[in-house]
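Some notes on the structure that comes next.
The values are calculated or read from the model by the stated rules, or taken from the named source; none is laboratory data. Worth saying up front: this structure is predicted, and the values here are computed from it rather than measured. Positions of Cβ are generated from backbone atoms using ideal geometry, with glycine treated the same way; all protein chains shown enter the neighbour counts.
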Amino acid sequence: MKQICVIDGQGGGIGSAIIKQLKELFIEKVEIIALGTNAIATAQMLKAKANRGASGENAVAQTVPCVNIIIGPVGIIIAHAMMGEVTPKIAEAIAKSPARKLLLPISQENIDIVGMASVPLPQLIEKLVKNNLKNFLSE
């Protein structure tokens, strides 16, 4: 079974919204793993019906090398992002993972992604799921 890893921090709201959309599209055809930079984020993503979840630096570092796709805000590959929740070890593990990475251009950091149109989060998530994951099962 293919595995999609959703990574989020702080309150887990973005990750939860992504997981709800994934569940609608894939039902139980893929395993959705929620990785939170903290326990609150993980708990929220599990409430959104992730198949399993874990929290913290070591959980991320040990899980991301083994999944097919990683989804999250762009901050997950930036050391010290999300008010310091993304450690250098987390950012490096995600960046080095062979998994395909689908990152939403949402950042609370002092970073602007030039050329990106300002799109509301629900539309970004819908676009991510429908345009980037539609053919995932047939790959």
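Just one residue in the set S55, S107 is modelled with pLDDT of 95 or more and either surrounded by 20 or more Cβ atoms within 10 Å (Cβ to Cβ) or under 14 Å from the mean Cα position of the chain (by Cα) (or both); that residue is S55. Among the candidates V86, V74, the residue that is touching a residue at least 40 places away in the same chain (Cβ under 8 Å), among the β-branched types (V, I, T) and either surrounded by fewer than 24 Cβ atoms within 10 Å (Cβ to Cβ) or more than 15 Å from L22 (Cβ to Cβ) (or both) is uniquely V86. Residues that are of a type in the set (K, R), farther than 19 Å from T87 by Cβ and modelled with pLDDT of 95 or more are absent from segment 22-37.
Just one of the numbered conditions (1) modelled with pLDDT of 95 or more; (2) surrounded by fewer than 21 Cβ atoms within 10 Å (Cβ to Cβ) is not true of T42: (2).
If you check N68, N132 for being under 14 Å from the mean Cα position of the chain (by Cα), within 21 Å of E28 (Cβ to Cβ) and surrounded by fewer than 16 Cβ atoms within 10 Å (Cβ to Cβ), only one passes: N132.
Answer with yes or no whether S55 is free of Cβ contacts under 8 Å to residues at least 60 places away in the same chain and farther than 24 Å from F136 by Cα. The answer is yes for S55. When segment 1-21 is filtered for residues that are crowded, with 24+ Cβ neighbours inside 10 Å, aliphatic (A, V, I, L, M) and in contact (Cβ under 8 Å) with a residue 60 or more places away in the chain, the ones remaining, listed by number, are I4, V6, I7, I14, I18. Across segment 14-49, the qualifying residues are those that are touching an Asp or Glu at 6+ places or on another chain (Cβ under 9 Å) and assigned to a loop (DSSP other than H, G, I, E, B), and the one among them that is farthest from S97 (Cα to Cα) is N38.
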